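Down below is the structure, laid out as structure tokens.
The values are calculated or read from the model by the stated rules, or taken from the named source; none is laboratory data. Everything numeric in this text was worked out from a predicted model, so none of it was measured. Reconstructed Cβ throughout: ideal geometry from the backbone, glycine too, with neighbour counts over all protein chains shown.
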Amino acid sequence: MRKDQSLGEYLFSQGVSRRGFLKFCSATASLMALPPSMVGRVAAALESARRPSVIWLSFQECTGCTESLTRSHAPTVESLIFDAISLDYHHTLQAAAGFAAEEAREAAMRENAGKYLLVVDGSIPIGNPAYSTIAGISNLDMLKESAANAAAIIAVGTCASFGGIPHANPNPTGAVSVSDIIKDKPIINVSGCPPIPVVITGVLAHFLTFGSIPDLDELGRPKAFFGQSIHDRCYRRPFYERGQFAKTFDDEGARLGWCLYELGCKGPTTYNACATLKWNEGTSFPIGSGHGCIGCSEPDFWDKGSFYRPISAGLWGSREALLGAAAAGAAIGIGSALAARSRKKKAVAEEAKSS
């Protein structure tokens with residue numbers, strides 16, 4: 001595919017039918033939580049879209065984010081990453097090595113100044129940059145250099161978004177997030193350890209379609225995917241409401257699929273689309289596999305206490321406290337209504353007496 005060739009031209013030249021293209025656009029619109037009326041706009045934008053240059057930097061990380069990306073299924077990594085964008089630099093996926101690899105990064109920055117997307121996974125050590133270097137360049141310097149002329153930055157994974165596990169106490173490398181360093185560029189945080197693969201490609205699809213970043217929450221994450229808690233969309237929530245909780249991972253409640261809140265599930269305080277998008281082509285997610293959410297898409301999740309104890313009252317409160325507050329609220333409401341009714345009856349009586 002030529003770099004000046006549009007995505008539509010490329011797909012049609014490869015035998016993709018108009019119908020198949022529109023099905024792809026419908027899936028993309030659904031993935032980005034757009035209404036059906038936007039499918040036409042998505043199609044028009046993607047059909048005329050040019051391949052943006054993408055530079056992917058990997059710092060203090062485990063390669064889990066890249067592993068996640070290569071298992072995306074909607075849009076597929078093949079159709080989106082390798083066909084729709086020009087992945088000009090990526091330590092794990094590129095064929096080049098050594099001097100040739102760094103020349104590719106420099107050429108991409110030079111030839112696409114102001115237009116390329118910078119994707120970063122892994123935290124950045126600032127306590128001692130020598131903890132992590134690439135081609136003799138510290139992670140900190142490479143990030144600053146690569147971000148200078150980027151159109152936008154996508155921080156992939158909790159390490160890049162919030163510092164992640166390297167940032168956990170005692171944080172010997174002084175690990176920080178991308179947004180702790182770069183202050184003059186739009187940054188999209190796609191958190192998760194690792195992030196959901198289709199969320200990564202969905203954000204890229206949004207940029208391809210609209211040429212801009214999606215709506216973000218207060219932590220810089222796309223609202224389409226991080227707008228609700230896992231608890232809000234969890235299939236086990238009815239058991240929570242009925243007070244049916246697994247007490248151990250192998251008791252009868254666990255076998256019946258009861259709520260895992262008392263075993264430490266962090267779903268109520270964790271915002272992500274795990275319960276709906278799931279993993280392995282929509283097969284399952286941790287709660288569906290019998291393990292509570294550990295809150296990996298939230299800042300400092302590693303330092304917030306045991307993964308196997310219920311969330312502390314400071315964060316969420318016990319179920320009893322939650323239901324008690326709800327009952328108290330209901331009682332206040334009923335009491336207020338009765339008081340208002342009593343005042344109204346008394347006023348009517350007084351009016352009748354005076355007349």
Residue by residue through the stretch 47-71, note down the ones that are under 18 Å from ILE154 (Cβ atoms) and assigned to a helix (DSSP H, G or I). GLY64, CYS65, THR66, GLU67, SER68, LEU69
Exactly one of ALA275, ALA254 is buried (at least 18 other Cβ atoms within 10 Å of the Cβ) and of a type in the set (Gly, Ala, Ser), and that residue is ALA275
The number of residues in the stretch 163-188 that are of a type outside the set (S, T, N, Q) and part of a loop (DSSP other than H, G, I, E, B) is 12
State all residues of the stretch 278-304 that are in contact with a Leu (Cβ under 9 Å, 6 or more places away or on another chain), closer than 18 Å to TYR240 by Cβ and surrounded by fewer than 19 Cβ atoms within 10 Å (Cβ to Cβ); if no residue qualifies, say none. GLY290, HIS291
Just to be sure I understand, how many residues within the stretch 56-109 are touching a helix residue (DSSP H, G or I) at 6+ places or on another chain (Cβ under 8 Å), modelled with pLDDT under 80 and among the hydrophobic types (A, V, I, L, M, F, W, C)? 7
Tell me, please, whether a residue that is in contact (Cβ under 8 Å) with a residue 12 or more places away in the chain, aliphatic (A, V, I, L, M), part of a helix (DSSP H, G or I) and over 17 Å from ARG41 (Cβ atoms) can be found in the stretch 189-199. yes
